[in-house]
1. Which residues, taken from region 174-223, are among the aliphatic types (A, V, I, L, M) and out of contact with any Ser or Thr (no Cβ under 9 Å at 6 or more places or on another chain)?
2. Restricting attention to region 1-46, and to residues there that are charged (D, E, K, R) and not in a strand (DSSP E or B), which single residue is surrounded by the most Cβ atoms within 10 Å (Cβ to Cβ)?
3. Scan region 125-136 for residues that are in contact (Cβ under 8 Å) with a residue 40 or more places away in the chain and surrounded by fewer than 18 Cβ atoms within 10 Å (Cβ to Cβ) and jot them down.
4. For region 228-276, what are the residues that are within 18 Å of F150 (Cβ to Cβ), of a type in the set (D, E) and crowded, with 18+ Cβ neighbours inside 10 Å?
5. How about region 79-91: which of its residues are in a loop (DSSP other than H, G, I, E, B), within 11 Å of the ligand (Cβ to nearest atom) and surrounded by 15 or more Cβ atoms within 10 Å (Cβ to Cβ)?
Amino acid sequence: MKLSTHVFQKQTDAGINILTIDNQTASVEISLFGGQVLSYLPKHDSRQRLWLSPKAVLDGSKAIRGGVPICWPWFGQAKTTGLPAHGYLRSQPWHVVRIDDELEKTTLQLQPHDTHGAGFDGIASVLLEVEVSERLSIRLITSNQGDKPFTYCAALHSYFAVSHIENVRLNGLKGQYLDKTQGFSAFPTPTSYAIEGEVDRVHLFASPEVELKDGKNTTRIGSLGHDSVVVWNPGIDKTKDITDMEPMGFQQMLCVETAITQGKTLEVGEEHQLIQIIG
Ligand code: TA6
């Protein structure tokens, strides 16, 4: 179904709706299940920036492994047992609320069907704005529609495609990180940042730009409105427990996430934007 000159919608065999944006600058796919960008292919170099697991479940029964999952209104494990990790927006239907479509810039606004959910008592509106132009901008806009302040966490949990994890170096991170694999103990960011084994780190310095170097290729990851950058690769052992990843799938991906992990409090009527820009 054609929604505008460069925006099309199709339903997968498994039943979820996928939007395709194909303009002069790039091709992008977004799942309306989860409001999740799944792929980003700039036309100037035809290099896919995002990784999608070949075993990703695309039937709406669980969050999709890959692309840019939307973590909201918490990050990581919920405070209350039995609630989904990374919140509940990435596993519910979203819908298109606006399309602005030009030859070199297409902007979509998506909203989740419901921002209420167990584990969060705020009254919030959430908007995801995806802009496809010379770069891909993803903007998660949260506003407090209630009569009292609320505090939330969030992340644009982006999975980047890499040739082989051993070829990857990260530039632009600095200061302390909390290492989830070592009880969230604090360590200094390495000057030469390679990925060896399981890496699960919350970098507390809000780097405005991280460069993901992969051999001759560089992906630039800009961030705004965040309080941390999370770097994650499950490594060979953890991947064995991830049913929607192939056993060696960890070698082709790296998560660099623009995140609010320390909590953002919104006063009544206040709005906050969490933004990741991929180039
Ligand atoms: O962002 C890193 C992380 O919190 C890891 O600890 C790991 O759990 C990853 O997210 C993936 O989480 P998921 O719930 O999508 O399997």
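Every read-out reported here was derived from the displayed coordinates using simple, explicitly stated rules and does not represent laboratory data. Note that the coordinates shown come from a computational prediction; the quantities given were computed from them, not determined experimentally. All Cβ positions, even for glycine, are placed from backbone atoms using ideal geometry, and neighbour counts span all protein chains on display.
1. Selection gives A186, A194, I195.
2. Residue satisfying both the conditions and the ranking: K43.
3. S133, E134, R135
4. Residues satisfying the conditions do not exist here.
5. P84, H86
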